[in-house]
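**Student:** Can you keep this structure in mind? I'll have questions shortly.
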Amino acid sequence: MKFKRAFSLVAVMVALQATPALASEQVPFDATFHGTFHITFGGCPNGDNLLQFAGPGIVRHAGLSSIVGSSCLRPEPANPFCSNIVSDAVTVTAANGDTFDFNNQAEDCLSFTPEGIFIHGAGTYQILPGTGRFDQASGSGSVHTTAHVLEITGTGASGTFDPLVFSGTISD
């Protein structure tokens, strides 16, 4: 009988230790958003350009969702038509209210075409913990976007982005 209880106790301990491994398993992740953006020239505390964006989308493992972000963009000295994200705060909210955050490292470059002015961005992301089922989320992958600049003033620019795409992995 003692052997049976000891074996049961060991089995329970092994099962409990295995649970965190299952919770951190990385699975495929993709998300696509579209929406609006606004850039304020010199709008960040250090004088970099402030990019703010928001819009709806769909996220594998979260369904219909929305994204809200704020990033500081630093123009590249060697190429004034490109900027790097030097800091950002990006949150995705699922339809049920659960959230997770992104940390992005990307480059955005202006493109002048007969169809208009566009911003093409590409880089990488890390998923950061959020709330609800994403309170211990992690993951990483690539991010890219195409944005259409619809208005430029002396203080900033605004327009639409479609799509903003994240592809990689997530654990929740």
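The values are calculated or read from the model by the stated rules, or taken from the named source; none is laboratory data. As the structure is a computational prediction, the values presented were derived from the model and not from experiment. Positions of Cβ are backbone-derived with ideal geometry, glycine not excepted, and every protein chain shown enters the neighbour counts. Protein only, heavy atoms only, side chains kept; ligands, DNA and RNA dropped before computing areas. Shrake-Rupley method; radii C 1.70, N 1.55, O 1.52, S 1.80 Å.
**Student:** Angle check, please: helix 2-23 long axis (alpha carbons) against the longest principal axis of the chain (alpha carbons), in degrees 0 to 90, nearest 10.
**Tutor:** That helix lies at roughly 10 degrees to the long axis.
**Student:** Per the 1.4 Å probe, what fraction of the accessible area of the chain, in percent, lies on carbon and sulfur atoms?
**Tutor:** About 64 percent, which is the carbon plus sulfur part of the accessible surface.
**Student:** Ok, one more. Using only DSSP helix segments of four residues or longer, with each worth -39500 (n - 2.57), what per-residue ellipticity at 222 nm results for the chain after dividing by its residue count and rounding to 500?
**Tutor:** -4500 deg cm²/dmol
**Student:** Can you tell me the accessible area per residue over the range 84-130, all protein chains present, probe 1.4 angstrom, in square angstrom? Walk me through the numbers on the way to the answer.
**Tutor:** Numbers: 2220 Å² over 47 residues.
On a per-residue basis, the range 84-130 sits at 47 Å².
**Student:** If you don't mind, there's one more thing I want to ask. Treat every Asp and Glu Cβ in the range 48-149 as -1 and every Lys and Arg Cβ as +1, leave all other atoms uncharged, and give the resulting dipole magnitude about the Cα centre to the nearest 20 debye.
**Tutor:** Approximately 220 debye in magnitude.
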